[in-house]
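So the structure is just underneath, and the comments pick up after that.
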Amino acid sequence: MHELGVVFHVIRNVKQVAEENQAQKINSVTLQVGEVSGIIHEYLTDCWKWAIKKEEILKESSLYIEPIQAITHCEACGKDYETVKYAKVCPFCQSENTYLLTGNEFLIKEIEVD
């Protein structure tokens, strides 16, 4: 489960931002997570709930996850399509000459403080 390591990384970054901005309490953190990033939202949320108990500044914070749809582009026909539904093979021309446009991201979008 790499979600725990991801949560520790997010907490470290969020605490750094809070310190730089002299924030005393973090109310919520919003993450954008690509649907093919390999992150399981439920595991991430469970790890978050466990890890924030150890951090005074985060103890009562909420975690919000915004999914980013995976979209693949076909270089052969120039069309974009849903990655999860069709994988690497373009549903329009059957080409495998494709690449991922979005859906692999993992970003801290927003930190809400008092």
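The values are calculated or read from the model by the stated rules, or taken from the named source; none is laboratory data. The structure displayed is predicted, hence computed values, not measured ones. Neighbour counts run over all protein chains shown; Cβ positions are idealised from the backbone, glycine included. Only protein heavy atoms, including side chains, enter the accessible area calculation; ligands, DNA and RNA are left aside. Shrake-Rupley method; radii C 1.70, N 1.55, O 1.52, S 1.80 Å.
General observations
- Against the numbered list (1) farther than 16 Å from ILE111 by Cβ; (2) β-branched (Val, Ile, Thr); (3) without any contact (Cβ under 8 Å) to a residue 60 or more places away in the chain, VAL36 comes up short only at (3).
- Within the stretch 98-114, the set of residues being open to solvent by 70 Å² or more (accessible area, probe 1.4 Å) and either among the polar types (S, T, N, Q) or part of a loop (DSSP other than H, G, I, E, B) (or both) comprises ASN104, ASP114.
- Of all residues making up the stretch 90-114, the number that are out of contact with any Leu (no Cβ under 8 Å at 6 or more places or on another chain), among the β-branched types (Val, Ile, Thr) and in contact (Cβ under 8 Å) with a residue 40 or more places away in the chain: 3
- Across the stretch 46-53, a minimum of one residue is classified as among the acidic types (Asp, Glu) and in contact with a helix residue (DSSP H, G or I) (Cβ under 9 Å, 6 or more places away or on another chain).
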